[in-house]
Amino acid sequence: MNRRHLPTLSAMQCFEASVRHLSFTRAADELSLTQSAVSKQVAQLESVLEHPLFRRVRKRLQVTPEGALYLTEVRKILAQVEMSTRYMQSYGGQSEVLNLTTLPTFGARWLIPRLNGFRFRHPNVYLNISNRVEPFDLEEERIDIAFFFGHGAWPKAECIKLLDEEMVPVCAPSVLPAGGINEPLALTKLVLLQSTTRPEAWHDWFEAQGAYTEHSYHGPRFDTFYMALQAARAGCGVVLVPHFLAEEELEMGQLTIPWDFRLKSRDAYYLAYPEHTGEVSKVKGFIEWILEHLKAPAKLDANQS
């Protein structure tokens, strides 16, 4: 569809209000327009879509199946426009938005606790944080900084290594046999919880100790380490996770390490940012903050988070 023929937001607002009221007159009153203006906007919308949105039955409006389908999309668009507008209105004239992406559990367990106090040093920089697992183009997605796990390379980006990773098995103390675990293969008597992002993890962990089992790939599979950790806490089995992601549960005694062999991962966690943006104030300030707090204790402060 030619961009010139795309419907306007005004037409979408007229359509959405007309659906709620099933009346062009009441929709016009709500929008401070004339009844003929609303009717004309809806007619133009129908012309662009090449589908009828309403039936006129005995001077009353009825939404067509096509109209009901389109209404769902229109409400999403209007809600997004409203949210984005309010989002920008909440900032001062000198404010900047820093768009960040992170892996889900890494973001929750490692990154967010280290943001404590950032807004006091950089009061005009507002963080917009989202979870991303699949690869993407930083510039195309307008992402300023991405946290990722890998080899340390990202197309058209500079990368800074943050930390290595050691995989360790953890489980609820209640699932362990009375005599404990005396060899790695004894863990196969428990349920091996699997991670979707690390399908080879258990195989590699056993192999590094000269142990082999056909059960390496068997067991419930979870999209994130967070869900896998929750399953382990609930006594569903034993999971292999990065040690630093399980520190909170280990310290509280909710999880334990049944066999303390730590497998160092070949990859590591990195921070990436688009080339030539390293001197941009908001990017530079955030990178400096993260490097300064790289080894800071990961504790949340409700008053400063």
Charge context of LEU255, other residues only, Cβ under 14 angstrom, K/R +1, D/E -1: -3
Selected from GLU249, GLU73, GLU183 as most flexible by GNM, with the chain as the system and alpha-carbon contacts under 10 Å: GLU73
Residue-averaged 222 nm ellipticity for the chain, from DSSP H runs of 4+ at -39500 (n - 2.57), nearest 500: -10000 deg cm²/dmol
Normalised contact order of the chain, rounded percent, pairs of Cα under 8 Å and 6 or more residues apart: 21
Helical segments meeting 20 Å axial Cα length and Kyte-Doolittle 0.0 threshold in the chain (DSSP H): 35-49
The chain: Lys pairs at Cα distance under 22 angstrom, eight or more positions apart or on different chains: 11
Largest to smallest principal axis extent of the C-alpha atoms in the chain, angstrom: 81, 47, 38
Selected from MET167, MET227, MET12 as most flexible by GNM, with the chain as the system and alpha-carbon contacts under 10 Å: MET12
Only Lys, Arg (+1) and Asp, Glu (-1) charged, at Cβ; the stretch 166-264 dipole about Cα centre in debye: 200
Estimated dipole of the chain in Debye, rounded to 20 [Cβ of Lys and Arg +1, of Asp and Glu -1, Cα centre]: 1640
Dipole magnitude (debye, nearest 20) for the stretch 18-138, charges at Cβ of Lys, Arg, Asp, Glu: 480
Per DSSP, loop GluC sites (Glu not before Pro) in the stretch 7-54 with at most 12 further Cβ within 10 Å: GLU50
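Just flag the GluC sites (Glu not before Pro) in the stretch 96-149 sitting in loop per DSSP whose Cβ has no more than 14 other Cβ atoms within 10 Å. It would help to have the intermediate numbers written out before the result.
On the way: sites: GLU96, GLU139, GLU140, GLU141; in loops: GLU139, GLU140, GLU141.
Hits after loop and neighbour filter: GLU139, GLU140, GLU141.
Every number in this text was worked out from the coordinates using simple rules, so none of it is lab data. Quantities reported herein were computed from a predicted structural model and do not represent experimental measurements. Please note: Cβ atoms are built from the backbone with ideal geometry, for glycine as well, and neighbour counts cover all protein chains shown.
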